[in-house]
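Down below is the structure, laid out as structure tokens.
The values are calculated or read from the model by the stated rules, or taken from the named source; none is laboratory data. Quantities reported herein were computed from a predicted structural model and do not represent experimental measurements. Because the Cβ atoms are built from the backbone with ideal geometry, glycine has one as well, and the counts that use them run over all protein chains shown.
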Amino acid sequence: MRALLQRVHSASVSIDGEVVGSIERGLLVFLGLEPGDSFAAGEKLLERIVKYRVFADEQGRMNRSLGDVSGGLLLVSQFTLAADTTRGLRPGFSTAMAPAEAEPLFTALFEHMGSVYSPLAGGRFGADMAVSLVNDGPVTFLLNG
């Protein structure tokens, strides 16, 4: 499981021109699921993301978490994060979890986050999404779970 975090001033996801999820200051998180990933591992990674200190304190140091600043969380499924890019000129996707397994896992993780963290927004699994963001920093981290 891989999560790409981007600290944002704002972010949104649109499908066919309609905004389906948006946040103000917070984190845009792209989540890539791989074979063998579990709900427990995802829950642990998402908990880490909410507590990950990427927001500035009074001294300008990254000492505040998403929860500390009551920021928004925009969670978007992105299977390309699980791609094999180690060789050649085309990514391989055999390292990504099959959609039939990934969709219920992503949905369960999203629903779990909705019960423990707010504000939360998301895209739609498997949809062709347009993601807009105003990056803050830019500050971007790749976490492996």
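For the reader, a short list of remarks on this structure follows.
- Note on the range 1-22: residues that are of a type in the set (A, V, I, L, M, F, W, C), touching a helix residue (DSSP H, G or I) at 6+ places or on another chain (Cβ under 9 Å) and either in a strand (DSSP E or B) or closer than 12 Å to Asn135 by Cα (or both) amount to 3.
- Any hit, the range 103-122, residues being closer than 12 Å to Val76 by Cβ and among the charged types (D, E, K, R): no
- Residue match in the range 76-94 (condition: surrounded by 20 or more Cβ atoms within 10 Å (Cβ to Cβ), of a type outside the set (A, V, I, L, M, F, W, C), outside any loop (DSSP other than H, G, I, E, B) and under 16 Å from the mean Cα position of the chain (by Cα)): yes
- Scope the range 32-75; condition over 15 Å from the mean Cα position of the chain (by Cα) and of a type in the set (A, V, I, L, M); matching residues: Ala40, Ala56, Met62, Val69
- Test result for Phe125, touching a Ser or Thr at 6+ places or on another chain (Cβ under 6 Å) and either surrounded by fewer than 17 Cβ atoms within 10 Å (Cβ to Cβ) or part of a helix (DSSP H, G or I) (or both): no
- The sole residue among Phe93, Phe106 that is touching a residue at least 60 places away in the same chain (Cβ under 8 Å), under 20 Å from Gly36 (Cα atoms) and aromatic (Phe, Trp, Tyr) is Phe106.
- Every pair of residues 6+ apart whose Cβ atoms lie under 6 Å, when the first sits in the range 6-30 and is at positive phi while the second is buried (at least 24 other Cβ atoms within 10 Å of the Cβ) and of a type outside the set (Val, Ile, Thr): Gly26/Leu73
- Val13 being aliphatic (A, V, I, L, M) and either crowded, with 22+ Cβ neighbours inside 10 Å or at pLDDT below 95 (or both): yes
- Annotation: Glu58 fulfils all but one of (1) acidic (Asp, Glu); (2) farther than 20 Å from Asn135 by Cα; (3) in contact (Cβ under 8 Å) with a residue 12 or more places away in the chain; the unmet one is (3).
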